[in-house]
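Working notes, structure below.
What follows is calculated from the coordinates using simple rules that are stated; it is not laboratory data. Computed from a predicted structure; not experimentally measured. In this analysis, Cβ positions are derived from the backbone assuming ideal geometry, glycine residues included, and neighbour counts consider all displayed protein chains.
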Amino acid sequence: MTNSLNELRSVVRGEVLLPGDAGFDTARRPWNLAVEQPAAAVVEAADADDIAALVRHARTAGLCIATQPGGHGATGRTDGTVLLRTRRLDTLEIDPAARRARVGAGVRSGRLQAAAAEHGLTGLPGSSPVVTVTGVALGGGLSWFGRAHGWIADGVVALDVVDADGERRHVTADSDPDLFWALRGGGGDYAIVTALHLALHPAPSLYGGRVLWPAEHAPAVLDAYRRITATAPDRLTVWLDLLHFPGADPMVAVDATHLGPEDEARALLAPLDALPRPAADSRRTMPVSEIGSITAEPTDPSPGLTRGELLTALDDTAAKALLAEPIAPLLSLQVRHLGGAFARPSDSPHGPLTEPYSLYTLGVPTDPATARAVAAKQRALVEALPVSGRKPFTYLNLTESAADAFTPAALGRLREIKHRRDPGDIIRSNFPVRG
């Protein structure tokens, strides 16, 4: 293997780093600094031709390739692999008349939003502007506007890929229905995506922001949240956050976006205005390019232990369980309202998302004892809540596998596609479908 790795510099035009090289440890680092990510080499591909050459070399040399544009979703299951970074594949083309975008594998969500906003359009952004559009779409993807438009993957109309034979291909539902289906939410196990072709959506007006209160008001805020989400139209998305950051008092927040005018949004969110005076209220009419400011998630790598679930209800019993104890040692607990287009038919590996809410929890493992305490808190919360047992692919954590995201039938089809398209297991995703 050593000779095969040394030959990488003559195979690709991009940067190649091997163990012992200056910068290797930084290059292999994932976004989640709590994950130790080994690698036999790191390749920063120059373009799609570079990736094709890399795959052909891997086939003959017996190497495996793990693709990570920016390191999100890493699990550390990369020992002995060539870690492929695709950040240089950053071409972004907008066709406003067709409401389409061609998005390179290295393009981040915030950049797509800024480009689309110039034409009164939007993609389907998640909470963070720094994740790549491709990385999220390969896992299905939960967007702020998913209640109106479904999974992020539902908006993928074509993909440019390098297959396991090292051939560049343009994949559509007509040209290759199996591969098209698998890559729209089944992870990146089947081919290396170099660009996505996405549908864009009109966004003539967006109102959104965060309202924040001291945690003592959490019962009243949760009650208002339940009332709002019980009748929310698909154009309104509302999330509830319980927050406890180091050195600060615990807080409760409601985050909201509305694809429509401010007066209509304020009427729908009126129960919030009947609550005690908030500590902060950032709601305003905003361009879709600024949607990442609502939750203001970190834009630099940091450590974290996460656990996500899908809730079958947010009834009185569930509400009581959420507020039974302080969330510490967790930093955050987020409940997202789903429904709408999420629950409608979807020809994707996950299929329709019929659970009405999701739960996502985060803690920072500052030391082994804290890590154990975070995991125990997450486990206790889940045991007290009505969860379905399935979860979105992008919610999976280090202890979970693809089997936690898909039905047995969908997983079986994904495995069959993987075996047929990549029998040598050259291409590895963060959560391999082979288990």
Per-q log10 I(q)/I(0), the range 1-99, q = 0.11, 0.15, 0.21, 0.22 Å⁻¹ (Debye; single scatterer per alpha-carbon; no solvent): -0.34, -0.58, -1.03, -1.12
3J(HN,Hα) from dihedral phi, the range 158-169, Karplus parametrisation 6.51/-1.76/1.60, rounded to Hz, x for glycine, proline: 6, 9, 9, 9, 10, 7, 6, 8, x, 9, 7, 9
Most positive-pole-ward Cα, Gly340, Thr91, Gly247, against dipole of the chain from beta carbon charges: Gly340
Degrees between helix 368-384 axis and first principal axis of the chain (Cα, 0 to 90, nearest 10): 60 degrees
Local electrostatic count, Leu411, Cβ distance below 12 Å [Lys/Arg +1, Asp/Glu -1]: +2
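What dipole magnitude, in Debye to the nearest 20, does the chain give about its Cα centre under +1 on Lys/Arg Cβ and -1 on Asp/Glu Cβ?
Using only the charged Cβ atoms, the result is roughly 340 debye.
Express in nm, to one decimal, how much length is gained between Ala248 and Thr354 on full extension, taking 0.36 nm for each residue of separation and deducting their alpha carbon distance.
So the chain would gain 34.5 nm between Ala248 and Thr354.
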Cross-link partners of Lys377 among lysines (Cα-Cα below 18 Å; sequence separation of 8 or more within a chain): Lys320
Relative frequency of Cα-Cα separations exceeding 22 Å in the range 207-395, percent: 48 percent
Sequence-distant residues sharing a close amide H with Thr81 (under 5 Å, placed H): Ala40
Given charges at beta-carbon only (K, R positive; D, E negative), |dipole| of the range 207-395 in Debye: 300 debye
Per-residue ³J(HN,Hα) for the range 330-340, Karplus 6.51 cos²θ - 1.76 cosθ + 1.60, θ = phi - 60°, Hz, x for Gly and Pro: 6, 8, 8, 9, 10, 10, 9, 7, 9, x, x
When the convex hull of its Cα atoms is projected in every direction, mean area for the chain (nm²): 20.1 nm²
Net charge over other residues, Cβ less than 12 angstrom from the Cβ of Ala46 (K, R count +1; D, E count -1): -2
Using alpha-carbon coordinates, inclination of helix 218-231 to the longest axis of the chain, degrees: 70 degrees
Among Gly20, Gly186, Gly340, residue whose mean-square fluctuation peaks in a GNM of the chain (springs only between Cα atoms under 10 Å): Gly20
Amide H contacts of Val157 (H built 1.01 Å from N, under 5 Å, at least 5 apart or other chain): His197, Leu198, Ala199
From phi via Karplus (6.51, -1.76, 1.60), per-residue ³J(HN,Hα) for the range 89-98 in Hz, x at Gly/Pro: 7, 10, 5, 9, 10, 10, 10, x, 5, 8
Other-chain or far-sequence residues with amide H under 5 Å of Arg100's (modelled H): Asp95, Leu200
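Quick one: putting +1 on the C-beta of Lys and Arg, -1 on the C-beta of Asp and Glu, what dipole do you get for the range 17-174 around its Cα centre, in Debye to the nearest 20?
That gives the range 17-174 a dipole magnitude of about 340 debye.
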Sorted by Cβ density within 10 Å, fewest first, the residues Phe145, Phe245: Phe245, Phe145
Residues Ile327, Ile427, sorted so that the one with the fewest Cβ neighbours within 10 Å comes first: Ile327, Ile427
Acute angle (nearest 10 degrees) that the helix 48-61 long axis makes with the longest principal axis of the chain, alpha-carbon atoms: 60 degrees
Simple spin-label estimate for Ala22 and Asp165 in nanometres, 7 Å along Cα-Cβ: 4.3 nm
